[in-house]
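So the structure is just underneath, and the comments pick up after that.
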Amino acid sequence: MKKCLLVCLFLCGLMPQLFAQTAFNFDTASDIDIKDLIYYISWLQAEKTSNVSTVVARAMEIYPAASGPLSRLPDESSDDLNGDGVADIKDLIFMISWIQAEKISDFTIVENRALEIWNGVGSLSKLPGTPIGGSTVPVTITGIQLD
């Protein structure tokens, strides 16, 4: 019984590490919301800077409740929702459409809403909240080497 309890406690301690980062989630909150949208806009306006302080400062000018902390900055491939290899305004429009569609997982509904905003947005290849990158499960636990 004690061994089972210890194993459960150990695994619960690893839970935060077992979840990958997700597209369009830039702060430490688990929910993707308006703050993430503001951080993305701020990053675009700051010409895709790698300076976290610059992005947070710009975000606070737009929306004072967006005060950080950031867990990561937007990324060209990770936050590319339309699959064109570039994180840009088209991805922002898909993010807005997804929020307006109440974070629905139906690509058609999100795409149709995006097309109402801007006809040249293209098509959706992934939704905000999609896991990005490889797994964060340590090799020492799984015995599996990731590429």
With the structure loaded, tell me whether Tyr63 is touching a residue at least 24 places away in the same chain (Cβ under 8 Å) and buried (at least 21 other Cβ atoms within 10 Å of the Cβ) or whether it fails that test.
no
Which one of these is assigned to a loop (DSSP other than H, G, I, E, B), farther than 13 Å from Pro128 by Cβ and modelled with pLDDT of 95 or more: Glu111, Glu102, Glu61, Glu47?
Glu47
Is it true that some residue in region 67-86 is hydrophobic (A, V, I, L, M, F, W, C) and modelled with pLDDT under 95?
yes
Anything in region 81-110 that is surrounded by fewer than 19 Cβ atoms within 10 Å (Cβ to Cβ) and of a type in the set (Asp, Glu)? List them, or say none.
Asp84, Asp88, Glu102, Asp106
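The values are calculated or read from the model by the stated rules, or taken from the named source; none is laboratory data. Note that the structure is predicted; figures quoted are calculated from it, not measured. For neighbour counting, all protein chains shown are included, and Cβ atoms are generated from backbone atoms with ideal geometry for every residue, glycine included.
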